[in-house]
Amino acid sequence: MIVVRRAVQHLFTRVLRSRLGIALVLAVVVFGVIGTTRLVTGPVQLDSGLSNRPEQPITTVDPTAGDHGLIATGAATPVTRPGEPAPEQITERFVVAWRGQPGMTAQRWLAGLRPLATPALAEQLTGVDPAGVPPGQVVGAAVVTARSETVVEARVPFDTGRLRLELVAPDGRWLVDAVDWERE
């Protein structure tokens, strides 16, 4: 009987000193703490009102005030300064300059785009090789969508993809501000 008792004690001590034993002891302690906490506090209630979420939405602007954002949510009509070309005309001119001519130098290509682009876009296009412009023929009319009075998006269909332009006119004079190519 004593031999069995010592063998059990030895085995128990050996298990407690191993990694598995330590993990088991830690698991028992963690579950004991969780169980004791639940017994003392009761079950967790998700709708107990202790959430940090507000009852009503938080508004940072007056909901009755008008929208002064750059991109409007309703129907917008682009505003063009008298005597200046409309966004559709700038789009057509930009596409012609964008396509360039075979063998055209980068400086000449950029010079054709510069009067139609914002200074920021002209800077981004500096050093671009016109030979890298996606090839193709225009296969339809440009679709110009007004986002606000001063921002429009133009999509020009090519046989190899679609050229997307963003035009801005903060002072009523339309200029291309962003260029993107979407492959078909």
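The values are calculated or read from the model by the stated rules, or taken from the named source; none is laboratory data. Keep in mind it's a predicted model, so treat the numbers as computed, not measured. All Cβ positions, even for glycine, are placed from backbone atoms using ideal geometry, and neighbour counts span all protein chains on display. The accessibility values were calculated without ligands, DNA or RNA, using every heavy atom of the protein model including side chains. Shrake-Rupley method; radii C 1.70, N 1.55, O 1.52, S 1.80 Å.
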Table column - 3J(HN,Hα) (Hz), the range 101-118, Karplus curve with 6.51, -1.76, 1.60, x for Gly and Pro: 10, x, x, 5, 6, 5, 5, 5, 4, 5, 4, x, 8, 3, x, 9, 10, 5
Which percent of the accessible area of the range 99-184 is formed by carbon and sulfur heavy atoms (probe 1.4 angstrom)? 49
How much FRET efficiency would the formula 1/(1 + (r/R0)^6) give for residue 34 and residue 9, where r is the Cβ-Cβ distance and R0 is 30 Å, rounded to 0.05? 0.50
Which far-off residues, 5 or more places away or on another chain, put their amide H under 5 Å from the one on residue 160, with H placed in the peptide plane? 137
For the range 179-184, in residue order, the Karplus 3J(HN,Hα) values (coefficients 6.51, -1.76, 1.60; θ = phi - 60°; whole Hz; Gly and Pro = x) are 10, 9, 10, 10, 6, 7
Whole-Å distance linking the alpha carbon centroid of the range 106-184 with that of the range 80-104 is 8
Value of relative contact order over the range 76-184, rounded to a whole percent, pairs C-alpha under 8 Å and six or more apart: 31
Accessible area per residue of the range 104-184 at 1.4 Å probe, in Å²? 53
Placing +1 on the Cβ of each Lys and Arg and -1 on the Cβ of each Asp and Glu in the range 82-176, which of 102, 143, 160 has its Cα farthest towards the positive end of the resulting dipole? 102
When Rg is the radius of gyration of the Cα atoms in the range 87-184 and Rh is its Kirkwood radius, what does Rg/Rh come to? 0.94
Could you sort 177, 129 by their accessible area in this structure, using a 1.4 Å probe and putting the largest first? 129, 177
Order the following by accessible area, largest value first: 179, 156, 79. Probe radius 1.4 Å; ligands, DNA and RNA are ignored. 79, 179, 156
Under a 1.4 Å probe, counting only protein heavy atoms, residue 2 has an accessible area in Å², nearest 10, of 120
